[in-house]
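Presented below is the structure to which this report refers.
The values are calculated or read from the model by the stated rules, or taken from the named source; none is laboratory data. All values reported here derive from a predicted model rather than from experimental measurement. When we count neighbours, we look across all protein chains shown, and the Cβ atoms used for this are built from the backbone with ideal geometry, even at glycine. Accessible surface areas use protein heavy atoms only, side chains included; no ligands, DNA or RNA. Shrake-Rupley method; radii C 1.70, N 1.55, O 1.52, S 1.80 Å.
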Amino acid sequence: MQSHLSESLFGETFRPRVHFTPHRNWMNDPNGLLYYKGKYHLFFQHNPQGNLWGNMSWGHAVSSDLLHWEHLPVAIGCDETYGIFSGSAVIDLKNSSGFGSLENPPMVAIYTAHNHDGSHQSQHIAYSLDEGVTWTKYADNPVLDLGMKDFRDPKVTYEEATNTWLMTVAKPQDFKISFFRSSDLKSWEHLSDFGPLGATGGCWECPDLFPLEIDGVTKWVLLVSLNPGGYSGGSGTQYFIGHWDGKTFTPDSTNTRWIDHGRDNYAGVTFNNHPEGKRIFLGWMSNWIYADKYPTQLWRSSMTLPREITLRKLDGEISLISTPLDPGSEVVKTQLHITQGADSSLTFKDEKNFLTIAFDSATSEVVITRSWFIEDSPQRSLPITSESATLSIYFDNGSCELFSPEIGLTMTSLSLVTLDGARVTHQS
């Protein structure tokens with residue numbers, strides 16, 4: 001649930017019960033995901049003036065549990081020159097930037113400033129001394145400018161070993177991810193570029209680089225979203241697992257791998273500073289094919305359920321595993337057991353619409369079909385190699401997410417089915 005101004009505002013047909021939505025108007029990519037002083041901060045791409053993309057600014061909400069959110073005023077607003085595009089936020093505990101003090105370290109946002117005429121993108125910073133409520137843009141912006149038309153989405157993290165900041169940022173049309181280092185968040189040194197590799201059917205965006213352990217060994221994960229060219233059409237997010245030597249990322253494999261085989265999980269990144277060191281991922285639950293057409297009025301777009309991501313060895317290969325935070329009883333939770341050689345399915349249906357999750361024994365694929373407001377093809381997983389598996393399914397107003405960590409499968413799909421009056425039927 002979300003704290004809100006009135007019940008009527010949060011009672012619209014497709015408003016989710018637990019997935020984050022803006023209280024009004026348009027939302028897309030999550031930005032500046034950060035934990036600090038008992039609160040998770042979610043900034044997000046936001047149009048404060050309408051429910052279509054435009055006037056890009058950073059919206060802001062906070063939560064103590066990643067499921068119940070308090071909406072705050074717009075954090076960083078666009079101006080007459082720049083839109084405030086995607087980026088990240090950090091707590092500068094050592095005050096390396098000089099914006100605050102050791103007693104009151106600044107929260108620093110690193111974001112892409114997008115010229116309104118589309119001619120140029122560069123990296124800017126702003127800082128807050130009141131935990132993200134009010135912001136001051138750095139007087140000497142930009143802090144990183146390569147003179148490029150497309151150069152965006154900086155994800156910044158702190159590296160204890162070198163006492164420096166690491167920026168992972170996209171060169172979208174070159175299908176490259178660039179890495180930069182800084183000691184003060186203001187001056188940045190180029191380290192290396194990664195790519196092109198994997199899927200290159202659309203521009204690369206929203207990268208995230210972070211370590212995860214498996215069997216006592218540290219591996220590094222690089223997330224790269226792209227649009228179009230996603231696994232199920234339109235928007236999607238691929239990942240690479242490999243080695244980071246402090247300057248260069250080297251993947252273990254050149255295979256294209258996807259964090260989600262559904263159609264509605266894009267631009268996701270992980271929270272900085274999780275108190276238990278976990279990697280919690282949050283994505284935009286939509287697709288650029290139809291994001292501006294989904295039939296809501298006062299607000300548009302949701303975030304996925306927060307997911308912990310870990311590594312597991314499957315079929316001899318290290319894979320990325322997504323496990324959702326338990327959303328409690330406010331959504332429908334059910335399971336579908338699948339077995340090779342046997343068709344099975346589960347359908348959510350109300351008076352007007354349906355969404356079906358099925359196991360196709362002929363192809364060994366999990367398939368999602370849905371009633372939709374435009375032409376829509378089935379969403380299919382890669383073939384399942386296990387003899388059997390259990391799909392855990394979470395159904396909220398207007399969305400369905402399934403997870404099977406044992407086989408490394410995640411699928412996220414919007415729907416037109418609502419909880420009120422919905423029926424769940426199984427066939428096998």
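Within the stretch 60-73, can you find the residues that are open to solvent by less than 60 Å² (accessible area, probe 1.4 Å) and either under 23 Å from E308 (Cβ atoms) or hydrophobic (A, V, I, L, M, F, W, C) (or both)? Matches in the stretch 60-73: A61, V62, S63, D65, L66, L67, W69, L72.
May I ask you to list the residues in the stretch 352-374 that are charged (D, E, K, R) and either in contact with a Gly (Cβ under 6 Å, 6 or more places away or on another chain) or modelled with pLDDT of 95 or more (or both)? I'd like the intermediate steps shown before the answer.
We begin by selecting, within the stretch 352-374, every residue charged (D, E, K, R); these are 352, 360, 365, 370.
Within the stretch 352-374, D360, E365, R370 meet the criteria.
Within the stretch 205-234, the set of residues being open to solvent by 40 Å² or more (accessible area, probe 1.4 Å) and more than 25 Å from A161 (Cα to Cα) comprises P228, Y231.
Could you check, for the stretch 240-251, whether at least one of its residues is touching a residue at least 24 places away in the same chain (Cβ under 8 Å) and either within 21 Å of D396 (Cα to Cα) or within 19 Å of the chain's Cα centre (by Cα) (or both)? Yes, because at least one residue in the stretch 240-251 is touching a residue at least 24 places away in the same chain (Cβ under 8 Å) and either within 21 Å of D396 (Cα to Cα) or within 19 Å of the chain's Cα centre (by Cα) (or both).
Scanning the stretch 313-338 for residues that are among the polar types (S, T, N, Q) and either in contact with an Asp or Glu (Cβ under 7 Å, 6 or more places away or on another chain) or open to solvent by less than 30 Å² (accessible area, probe 1.4 Å) (or both) yields S319, S322, T323.
Whenever a residue of the stretch 156-169 is more than 13 Å from G87 (Cα to Cα), its partners that are at pLDDT 95 or above and not in a strand (DSSP E or B), lying with C-beta atoms within less than 7 angstrom and at least six residues away or across chains, give the pairs T162/G246; T164/S183; W165/L185. For the residues T248, T218, the requirement of being hydroxyl-bearing (S, T, Y), at pLDDT 95 or above and under 13 Å from I177 (Cα atoms) singles out T248. Among the residues making up the stretch 28-43, those that are open to solvent by 10 Å² or more (accessible area, probe 1.4 Å) and touching a residue at least 60 places away in the same chain (Cβ under 8 Å) are D29, Y35, Y36, K37, K39, Y40.
Could you list all residues from the stretch 34-56 that are touching a Pro at 6+ places or on another chain (Cβ under 7 Å) and closer than 16 Å to V108 by Cα? Give the derivation first.
The initial filter retains those residues of the stretch 34-56 that are touching a Pro at 6+ places or on another chain (Cβ under 7 Å), namely 35, 42, 44, 46, 55.
Once the filter is applied, which keeps residues that are touching a Pro at 6+ places or on another chain (Cβ under 7 Å) and closer than 16 Å to V108 by Cα, the stretch 34-56 yields Y35, L42, F44.
Out of everything in the stretch 55-73 that is of a type in the set (A, V, I, L, M) and assigned to a loop (DSSP other than H, G, I, E, B), what residue ends up being nearest to D117 (Cα to Cα)? By that ranking, first place goes to M56. Only a single item in (1) over 20 Å from the mean Cα position of the chain (by Cα); (2) over 21 Å from L166 (Cα atoms); (3) open to solvent by less than 10 Å² (accessible area, probe 1.4 Å) is not met by G77, and it is number (3).
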